[in-house]
1. Within the set of pairs 6 or more residues apart or between chains, which connect a residue that is farther than 19 Å from residue A:506 by Cβ inside the stretch A:125-145 to a residue that is among the charged types (D, E, K, R) and surrounded by fewer than 20 Cβ atoms within 10 Å (Cβ to Cβ) with Cβ atoms less than 9 Å apart?
2. Can you list residue pairs whose Cβ atoms sit under 9 Å apart, with the first residue in the stretch A:166-189 being more than 9 Å from chain B (Cβ to nearest Cβ) and the second being among the polar types (S, T, N, Q) and in a strand (DSSP E or B)? Count only pairs 6 or more apart in sequence or on different chains.
3. Could you identify the single residue in A:474, A:506, A:486 that is small (Gly, Ala, Ser), outside any helix (DSSP H, G or I) and in contact with a Gly (Cβ under 8 Å, 6 or more places away or on another chain)?
4. Hey, can you tell me all the residues within the stretch A:417-464 that are in a helix (DSSP H, G or I) and more than 22 Å from residue A:527 (Cα to Cα)?
5. What about residue A:11, is it crowded, with 19+ Cβ neighbours inside 10 Å and over 32 Å from the mean Cα position of the chain (by Cα)?
6. With (1) more than 14 Å from chain A (Cβ to nearest Cβ); (2) outside any helix (DSSP H, G or I); (3) free of Cβ contacts under 8 Å to residues at least 40 places away in the same chain; (4) small (Gly, Ala, Ser) as the list, and residue B:31 as the residue in question, which single condition is left unmet?
7. Please go through (1) out of contact with any helix residue (DSSP H, G or I) (no Cβ under 7 Å at 6 or more places or on another chain); (2) farther than 18 Å from residue B:86 by Cα for residue B:123 and return the number of the only condition it doesn't satisfy.
Amino acid sequence: MTTFLADGREIAAKPGETILLALRREGIHVPTLCHMDGLAPSGACRLCVVEVEGTGNLVTACSCPVSEGLKIRTRTPRVLEARRTIVELLLSNHPDDCLYCPRGGKCELQHLAMDLGVRQRLYRGAKSKRELDVSSPSILRDPSKCILCGRCVRMCEEYQTVSAVDFIARGSRAFVGTAFNAGLNLSSCINCGQCILVCPTGALSERSSLDAVVAALADPTKLVIAQHAPAVSVSLAEEVGLKPGTDVDGKMVAALRRVGFDRVFDTSFAADLTIMEEASELVHRVTTGGVLPMMTSCSPGWIKFVEQFYPEFIPNLSTCKSPQQMMGAIIKSFFAQRENIEPGNIVSVSIMPCTAKKFECARPEMQPNHVPDVDYVLTTRELGQLLRMFGVNLAALEAEAADTPFGERTTAGKIFGASGGVMEAAVRTAYYLITGQEMGDLKIQPLRGMKGIKELRTTIGTLDVGAAVASGLGNARQLLDQLRAGRKDLQFIEIMTCPGGCINGGGQPIGADLESVRARMQALYKIDRDEPRRVSHANPWITRLYDEFLGKPLGEKSHHLLHTHYHKREVPL
Amino acid sequence: MVEPDIEPILARHPGAGRETLIPILQEIQTAHGYLSKDVIMRVGKHLNLPTSKIYGVATFYNQFRFTRPGKYHVQVCRGTACHVKGSLSVLEAVVKELKISPGQTTRDGLFSLEVVACMGACGLSPVVNINGEFYAKVTPRKCTRILQDCRHQEHANAGC
C-alpha cells in the first residue's frame, strides 16, 4: 500500500494506481471527459487536473500514478479555474441547443458546466459546422456536437476492434469520422451503438423510429404488435428512475397496452423457439459432420462483423434468424393466419436493448417477398421516451401478463439477455435432445458472469462438448483468431456484440456503470432461479406452435420462416 | 481510370508495421501523385491497420492528396511572407479562374490546386509553383494569365 495526502487527508492507494482511481475510491469526485474505465489513460481532456506539491504545472490525475508521500490538492482556485476554462472553451465551439438535443438532461458536458458554475459565455467565435450523418439505420451522428474526447473512437477500436471511426484532419479542423469521411452506412460500423453509450454529449444517438410508431399506434386500420426483448424488462426501470436491476416485466406489458399496442408478445418466447431450432441444428451438425464449431446468430452486430472481417466463418454461423426476426416471421405468418388478418395490416414493433436490431430488421434477408418480418425497432431508451410522451407512469401500474400465443416464455429464453445465456439455454435443450433426459442441475456456472471469454467442457451422453462464449467483439476476434490458427476443440460458440451481452446493449439507458450492468445480469439470473419452467423445450406454446404450424425443428416451414443465410460484405475495413 | 499499381512499393516493405505507414504513403504519393481509396485500403491490408486509421493519419498531414493531380499542379504559397505580400487575393484569383477549391482537380483533369505553407522562396513572394516551376512576385492578374496560357498551350497541342 502506498499512502498519499489529498487535501490534507491521508489516502491509501494500491501501488501503481493512478491518482484518479485512488481519489474516486475515497469518494472524491474528479471530473473527466476522456477517461474510460479499463482502458489506458489518454490524458487528452485535462479536466482531471490536480495540484501536486513540488511541481509547477497542474497534473492530470487520470494518468499520474500515486507515489509514497505525494501531496496533492484537488479543489484549489487554480484547479477549479483550469477545469472551468476547459469547459468554457469546449462550450465556445458547441451548439447552444440543449433544449433540442436528444441528450438534454443526460449530457456530461451540460452537467460539467452546471457543476463547475459556468454562468456566462466567455469565449465567442466561429463554431465549426458539420453535417448530420443520417446514413445509418441505427446510429445518428451530429459531429457539430462532438467535443473530440475520443471515447467513441477508443470503444470502437479497443473494445470492439472495428475502428469504423477515427480522428480525421488536424487542429481546429479535426473531427471524428469514418474512412474517406463517408456515411456510417458505407463504413465498417456494425451498428452496435456502444459509441452512443460512451458519448458524453448528443453527438451520437440512435436513429429514432418513435414518430413512425406513434403514427402507427394512431392508425385504426393497423394491428400494432409489440415484442420486448429479454434484456429490456431488467433495464427499463433505469429509464424511469427506478433502481438498476429492477425487473419491470409485468408493468412494462401493462404500460405497452396503455400506450396503445394491440398485442404484447415476449421476444423470450421466440428465444425459446430459437433454442429449439438452434439446438437441433447443433445436434444435426454434430451427428452429420456439418461445419463446426457452430456460432450463434442472435446478435446482428456480430453477424455484420463476421461478414466483413471473417467471411470464411460464415458457414459456421447458425442459419437461425435472431429471436426478434423469428418472432416477426411467425407474427406475420402463423399469427396472421390464426387471427385472419392481412400481414400488410400488421405493424410489428420490437422493443430492443440494441441499435443493431434496427439495421437487422432492414436487411433484405429479413423481408421475404418485400414484407419485413419486423417493421420498427425501438430501443429501451426510446420506449422510456414513449412512456413519458404518452404520460404513462410505469411505477404506478399493476403488472399484467403478455398476450397469447407468444407471451409465454421459459427462463431459458429470458437469460438470452446476458452473455452466456444463449449457450446455457442451448446446452439445456441439447442435453435433452441427445439423452432424452433433463440435466440434473440446470445452472451452468462457468457460462455466467461478466468475463469477456468463458469456456465450458462437458459431456452430454457420450458426446464431449467444448463450448466458448465471448462478449465484446475484441474478445470474439481473439476466439476467431484461435480458430484460424487451428484450434479444434470447440463445437459451439456464443458471441454477443456488446460487453456483457444485451443487458449492456447500445440501446440501453445512458449513464449506466458496471454495477448497473451487473445488477441487470443478476436480475435475469434471479428470474431463472425463481421460476419453475427453465428449459425451452418445456414451453407448452412452443410445442403447440410446432404441432399446429411449423411441424418440426429444421422442418420445411422452419426453413422458410426461421432460417436465413449471410453473405460476404465489402466495406473499407 | 486505372488504379495506380503500388505492389512494387509494398514489396519493398515486407512484414512492415504501423511505424512504416508514413514512409509508404510518401513513396506512393511520390510515384503516383495521390492516395486513392483503393490504395489506402490496400496499404491497410499490408500493414494490418484499419482504413479509418490510415485515412486519419493521412489527413493529419497536409502533404497527402486524395484526388488525382491535374496535368498542371498549382501550388499557391500561403506562408507568412507571401501572405503579407497579398497571396490571399492570388489564391482567390486561382480559385475563381479554375473553379475548384484547394485539394481538388478540375473536371478535365488539367489543373489541380494545393495550398502550401511555405516553399522557402520568401524573397520571391508571393510565389506560385506550377509543376515545380516557380512564378515569382505574382499578382492576381498575372497568375490568371499564367493559368490561361497553360490552357491555351494544351488546346494548341490538342489541335495539331
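The values are calculated or read from the model by the stated rules, or taken from the named source; none is laboratory data. Values in this document were obtained by computation on a predicted structure and should not be read as measured data. Backbone-built Cβ (ideal geometry, glycine too); neighbour counts: all protein chains shown.
1. Pairs found: A:128/A:173; A:144/A:127; A:144/A:129; A:144/A:130; A:144/A:131.
2. Listed pairs, sorted by first residue: A:184/A:178; A:186/A:178; A:189/A:178.
3. Details: A:474 fails: outside any helix (DSSP H, G or I); A:486 fails: in contact with a Gly (Cβ under 8 Å, 6 or more places away or on another chain).
Being small (Gly, Ala, Ser), outside any helix (DSSP H, G or I) and in contact with a Gly (Cβ under 8 Å, 6 or more places away or on another chain) holds for just one of A:474, A:506, A:486, which is A:506.
4. Result: A:433, A:434, A:435.
5. yes
6. Failed condition: (2).
7. Here residue B:123 meets the rest and fails (2).
This table checks each residue for (1) of a type in the set (A, V, I, L, M); (2) surrounded by fewer than 19 Cβ atoms within 10 Å (Cβ to Cβ); (3) in the same structural domain as residue A:358 (by TED's automatic domain parsing).
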position	(1), (2), (3)
A:297	no, no, no
A:329	yes, no, yes
A:332	no, no, yes
A:347	yes, no, yes
